[in-house]
Every structure is written in C-alpha cells, then in structure tokens.
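Student: Take this structure, written in structure tokens, and hold onto it; I'll ask about it next.
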Amino acid sequence: QWSSCTKVCEVGEITRSRAITTKPKNGGAKCPSLKQSRACLVSDDPSCATDCKVSEWSDWSSCSATCDGGTKSRERRVEVEPHSGGKPCPDLKDSEACGTEPCAEPTDCEVSDWTEWGKCNSPERTCGGGVHKRTRKILAPPSDGGRVCPSSLEEMKGCNLSRCPGAKCEDNPDVPEFTGGGTCEILKMQGCEESLKNIAKKFNRPFPSNVPPETRVRDACPKTCGFCEECSPGCELRDLGNTVCEKPCDNEACKFDEGDCRGECKLPEMPVSVKFSPIRMYIDAGDMVTVTCPESSLRFLDFPEETKLELTCQSGGAIDDGGFGLNETNRTL
C-alpha cells in the first residue's frame, strides 16, 4: 500500500515497498527495485483553504456627465486566486452616481443694437462715395453652450455713392495699390462685377477704410470695363456698388438703374456685410440672386450648415427664400 503523503497543503511524497519472495539463482534475472515513490498533494484538508485576495480600489474615474446625472467607476484586481474551499473573490468593479446637479439652461450671447450710422467721410457733401460706420457691443457672453457672439462688432458701408455731376469717366490710378491685384486690365479678367475688397483679401492686403466696401472693379475701372457710355441721356451706370437709384437711369434702356429703382420683388434688408450677387435692390419675376455670408465662420441663424442661399422672385412680388426666413432682418450672426 502507498504510504501517507509526507506533507499537507503542498507537494510531498508517497512511497510503497515490497519484499523478495524468491532470490535469483543459476543466472536468473535480478530482482527489480523494492521501493517506489511519487509526488503527492493533499489539498482537501481544511487547513489548506486559501481565500481570494484582491488589491486596493483604483481612483474613481471622471464623471460621465457634469450635470443631470452621470456615473463614475473604479476597479480592483485579483492578487491571489481562492482554492481548497477558500473564500471566493468579491466584485472587482464598483460605480456610483455623480454630476447629479441639474444642468443650467444655455444662454446665448447678447449684443446691443447697432448705433446710428456715423458721419460720412465723403470728400464731397452728397456724391463721390465715402464711408461711414456703426458699432455694437457685447452685453453678455454666452454660457453653457449658448450661441456664440458675432465676430463683427463694427460695420462699414458706403455713403453718398452717387456719381458726382460732371465727374470724368476714368480709371482710378490707385487700384493696384489698395487691392494688390494689379492694374485695371488685370482686374477686368477677374470680372468687372468682382468686389475690390474681396480681391484685396485674396492678396492679404488691408482694404482702405476710406473706400466704400461696396466698390466693384467696374466702379474703380469704368473706362476699362466699358461703362463710360450713357445708356440714356444723363445716365452713366457708375454709382458705386449699384445701390442708388439715379433718376436719369430709371428707364428700361438702363434696366431701371440695373435694378436699383424698381422691379417686381424688393430684396429683403440684410446686414451690410452680407453679399448679394448680383448687387441690386429689386429683381423681376423669375430672377434670382445669391446671398453669401461674408466670412466662412459666419452662418445664417437657425441654419448653421449654410453659408450661401438663393432668393427667387415670384410673380406678385413674393420672395422665395427656401424657408430660411430672410425677410426678417439681421438673420446672420
């Protein structure tokens, strides 16, 4: 029979033996080993039980929410596995509620109304083109995810944009300097309706504060762009930015001052920084204009994915704006 294990709860040894009953003789085979041993482990003894051992808890994780209820968690790991009937391991993960305070309602940025337009800096009293500006200020910054403040707190627009009587039709020699885009001949290739301010921006050139921002290539280069001829007696289509109805031009031959004097649909009032293309005050049924945000960072209110919209004149004088509500004023940030 095998003997008892020499150790308990760890590896020991058991043995057994046997006796020689007949000794070999006359060249018979030798007797085999009389002892035999093997390893053994006694683990079912009550004294062998090992309980599970775990580490200390880790630090709590960040809360999954800052308000309106979230959770945070922590973990621990097994350092010694249980065996021989020892106590099992406890839970290795734990969580509890956090961030239970109610979230604050988002507050949009609040800005003041625009001031009145300042005095026109036109060199002439009522014509020739000048600039005036208006400002607004931030009354309250946004909080808790509210709408951000507008990037523009100052607006500039042209004033006294009518062509002065008797003004010569000639190109402005300062065009290359304040646009960086070259001579009138070069600018004509970009399009006579192109804004000089946009050209200056392309060349990282600061646009002169005394030049109306509505000024187009054709306004600064009328001779090169071919706008020196009268379309009717007393009418040369040379009012800066095409925003003034000149009485001599209010006729069909001059296209009613290119849409400044009349048309079936009057375009909605918009912030001066928003660009209409083509520039005009009225359009006829079936005609369309494009409205573009002046900067890529600006969007139409309530439509944050849009930077460009199209307006179409319908019969009866209604403007189809695609449901964007542009008949309301100041609909951009």
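The values are calculated or read from the model by the stated rules, or taken from the named source; none is laboratory data. Since the structure is predicted, the reported quantities are computational estimates derived from the model, not experimental observations. Glycine also receives a Cβ, built like all others from the backbone with ideal geometry; neighbour counts cover every protein chain displayed.
Student: Looking at Gly69, is it at positive phi, at pLDDT below 95 and surrounded by 15 or more Cβ atoms within 10 Å (Cβ to Cβ)?
Tutor: Answer is no for this residue.
Student: In addition: Does Glu194 satisfy being modelled with pLDDT under 85, outside the structural domain of Gly128 (by TED's automatic domain parsing) and not aromatic (Phe, Trp, Tyr)?
Tutor: no
Student: Looking only at region 48-65, count how many residues are acidic (Asp, Glu) and either farther than 12 Å from Glu79 by Cβ or out of contact with any Lys or Arg (no Cβ under 7 Å at 6 or more places or on another chain) (or both).
Tutor: Summing the residues that are acidic (Asp, Glu) and either farther than 12 Å from Glu79 by Cβ or out of contact with any Lys or Arg (no Cβ under 7 Å at 6 or more places or on another chain) (or both) in region 48-65 gives 1.
Student: Additional query: Give the residue that is nearest to the chain's Cα centre (by Cα), with candidates limited to residues of region 148-167 that are within 13 Å of Asp239 (Cα to Cα) and modelled with pLDDT of 85 or more.
Tutor: That would be Gly158.
Student: Quick check: is even one residue across region 111-129 small (Gly, Ala, Ser) and closer than 30 Å to Glu56 by Cα?
Tutor: No - not one qualifying residue is present in region 111-129.
Student: Given the condition surrounded by 13 or more Cβ atoms within 10 Å (Cβ to Cβ), assigned to a loop (DSSP other than H, G, I, E, B) and of a type in the set (Val, Ile, Thr), answer yes or no: does some residue in region 72-79 qualify? Show your work before the answer.
Tutor: Step one: filter region 72-79 for residues surrounded by 13 or more Cβ atoms within 10 Å (Cβ to Cβ), giving 72-76, 78.
With assigned to a loop (DSSP other than H, G, I, E, B) added as a condition, the list becomes 76.
Right, trim to of a type in the set (Val, Ile, Thr) and you get none.
Within region 72-79 (the criterion being surrounded by 13 or more Cβ atoms within 10 Å (Cβ to Cβ), assigned to a loop (DSSP other than H, G, I, E, B) and of a type in the set (Val, Ile, Thr)), the answer is no, since none of the residues qualifies.
Student: With surrounded by fewer than 18 Cβ atoms within 10 Å (Cβ to Cβ) and either of a type in the set (Gly, Ala, Ser) or in a strand (DSSP E or B) (or both) as the only criterion, which of Gly181, Gly145, Gly158 stands out?
Tutor: It is Gly145.
Student: Going by the conditions given, is Glu105 under 30 Å from Gly146 (Cβ atoms) and not β-branched (Val, Ile, Thr)? Don't jump to the end; show me each part of the working.
Tutor: Values: under 30 Å from Gly146 (Cβ atoms): yes; not β-branched (Val, Ile, Thr): yes.
The answer is yes for Glu105.
Student: So which residues in region 5-35 are surrounded by 11 or more Cβ atoms within 10 Å (Cβ to Cβ), assigned to a loop (DSSP other than H, G, I, E, B) and among the hydroxyl-bearing types (Ser, Thr, Tyr)?
Tutor: Listed by number, the list holds a single entry, Thr6.
Student: Mind checking which pairs have a first residue in region 214-225 that is not assigned by TED's automatic domain parsing to the domain that holds Gln190 and a second that is crowded, with 23+ Cβ neighbours inside 10 Å and among the polar types (S, T, N, Q), Cβ under 8 Å, 6 or more apart or different chains?
Tutor: none
Student: I'd like the residue in region 269-291 that is out of contact with any helix residue (DSSP H, G or I) (no Cβ under 8 Å at 6 or more places or on another chain), surrounded by 17 or more Cβ atoms within 10 Å (Cβ to Cβ) and at pLDDT 80 or above and, out of all such residues, is nearest to Thr115 (Cα to Cα).
Tutor: Here the answer is Val291.
Student: Could you list, in sequence order, the residues of region 223-260 that are of a type in the set (S, T, N, Q), at pLDDT below 85 and in a helix (DSSP H, G or I)?
Tutor: Within region 223-260, just Asn242 meets the criteria.
Student: Please state which of the following conditions Val175 fails to meet, knowing it meets all the rest: (1) surrounded by 14 or more Cβ atoms within 10 Å (Cβ to Cβ); (2) of a type in the set (A, V, I, L, M, F, W, C); (3) in the same structural domain as Asp257 (by TED's automatic domain parsing); (4) closer than 30 Å to Asn251 by Cα.
Tutor: Going through the list (1) surrounded by 14 or more Cβ atoms within 10 Å (Cβ to Cβ); (2) of a type in the set (A, V, I, L, M, F, W, C); (3) in the same structural domain as Asp257 (by TED's automatic domain parsing); (4) closer than 30 Å to Asn251 by Cα, Val175 breaks only (4).
Student: If you don't mind, another one. Output the residues belonging to region 212-222 that are assigned to a loop (DSSP other than H, G, I, E, B) and within 19 Å of Phe276 (Cα to Cα).
Tutor: Pro212, Pro213, Glu214, Thr215
Student: Kindly indicate the residue of region 184-230 that is of a type in the set (Gly, Ala, Ser) and surrounded by 14 or more Cβ atoms within 10 Å (Cβ to Cβ) and also farthest from Cys127 (Cα to Cα) among those meeting that condition.
Tutor: Across region 184-230, the extreme among qualifying residues is Ala200.
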